[in-house]
Amino acid sequence: MPVPRIRQLVIAAKSLETADQLGELLGLGEPFIDPGVKEFGLENRVYAMGDQFLEVVVPMKDDAPAQRFITRCGEGGYMAIFQTPQLDAFRSRVDSMGIRRVWNIDLPDISASHLHPADMGGTIVSVDEARPLGSWRWGGPDWRERSVPGGLVSMAVETPDPDGLASRWALALGLIVDRRTLYVKDGAIIFREGPVERLAAFGIHVADRAGVLARAQDMGLDVDGFEIRFAGVGLSLLD
């Protein structure tokens, strides 16, 4: 069975200033603005790192799901998007588990399904199949020209029941749990104990870790070793 890959991680924020700060902090290129997210009551900025993506979404409507998330939890990790070459098999598997698909799209170059966070747990999960494999509609038509060196190597989900949630994600994604960790292609999903379920941290490979840490200090962000606290998410830097 094909192993999924982390392709895009998303932060929900109160304003686009957070997106600008993220770009400044990590030394990112020009972001893509996706008009399609208006369907969800959002505006966004999508930054390319290698062939992966960091996105900041900002609610434009009081009834947008992201606004309800921010009201309940504050700014923070909002969504994880995985890539698979076999979305039909994934859809069949989650349907058989009773996990609701709350949004589906099938376009010539990409298909995707969003899973209900109440069923999946932890965060909103999307699983997408891009055609061709190396493409990515959500990054914009010229994302390769805007990309900077780096990438996403891990994500951490906090929950009061890390063993139970890891097992559920493993079944849904077709993976095996190894000590509260699911190993995906080129990365890992780590489950750790916490008071509430949330997407708590991103592991990010950067070309200039010292430079990013220096900028974090200049911006007045909380820095602990190689982790920066940013918009409710721990950004763990790897060089």
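A few comments on the model shown:
- Against the criterion of being surrounded by 20 or more Cβ atoms within 10 Å (Cβ to Cβ), out of contact with any helix residue (DSSP H, G or I) (no Cβ under 6 Å at 6 or more places or on another chain) and at pLDDT 95 or above, F230 qualifies.
- The residues in segment 146-187 that are surrounded by fewer than 20 Cβ atoms within 10 Å (Cβ to Cβ), acidic (D, E) and either closer than 17 Å to I124 by Cα or out of contact with any Asp or Glu (no Cβ under 9 Å at 6 or more places or on another chain) (or both) can be counted, and the count is 3.
- Considering segment 203-232, the residues that are assigned to a loop (DSSP other than H, G, I, E, B) and free of Cβ contacts under 8 Å to residues at least 12 places away in the same chain include one that is farthest from the chain's Cα centre (by Cα), namely G220.
- Residue that is surrounded by the fewest Cβ atoms within 10 Å (Cβ to Cβ), among those in segment 94-113 that are of a type outside the set (S, T, N, Q) and in contact (Cβ under 8 Å) with a residue 24 or more places away in the chain: L107
- Residue pairs meeting the criteria (Cβ under 7 Å; at least 6 apart or on separate chains; first at positive phi, in segment 31-52; second in a strand (DSSP E or B)): G41/P59; G50/G150; G50/G151
- Conditions (1) of a type in the set (G, A, S); (2) over 19 Å from I11 (Cβ atoms); (3) in contact with a Pro (Cβ under 8 Å, 6 or more places away or on another chain): number failed by A188: (3)
Conditions (1) of a type outside the set (V, I, T); (2) surrounded by fewer than 21 Cβ atoms within 10 Å (Cβ to Cβ); (3) free of Cβ contacts under 8 Å to residues at least 60 places away in the same chain, marked per residue:
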{"site": "S92", "(1), (2), (3)": "yes, yes, yes"}
{"site": "H116", "(1), (2), (3)": "yes, yes, yes"}
{"site": "V125", "(1), (2), (3)": "no, no, yes"}
{"site": "W136", "(1), (2), (3)": "yes, no, no"}
{"site": "R144", "(1), (2), (3)": "yes, yes, no"}
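- A single member of A172, A130, A201 is farther than 16 Å from R5 by Cβ and among the hydrophobic types (A, V, I, L, M, F, W, C), and it is A201.
The values are calculated or read from the model by the stated rules, or taken from the named source; none is laboratory data. Not measured: the values here are computed from a predicted model. Cβ coordinates were reconstructed from backbone atoms using ideal geometry, including for glycine residues, and neighbour counts include every protein chain displayed.
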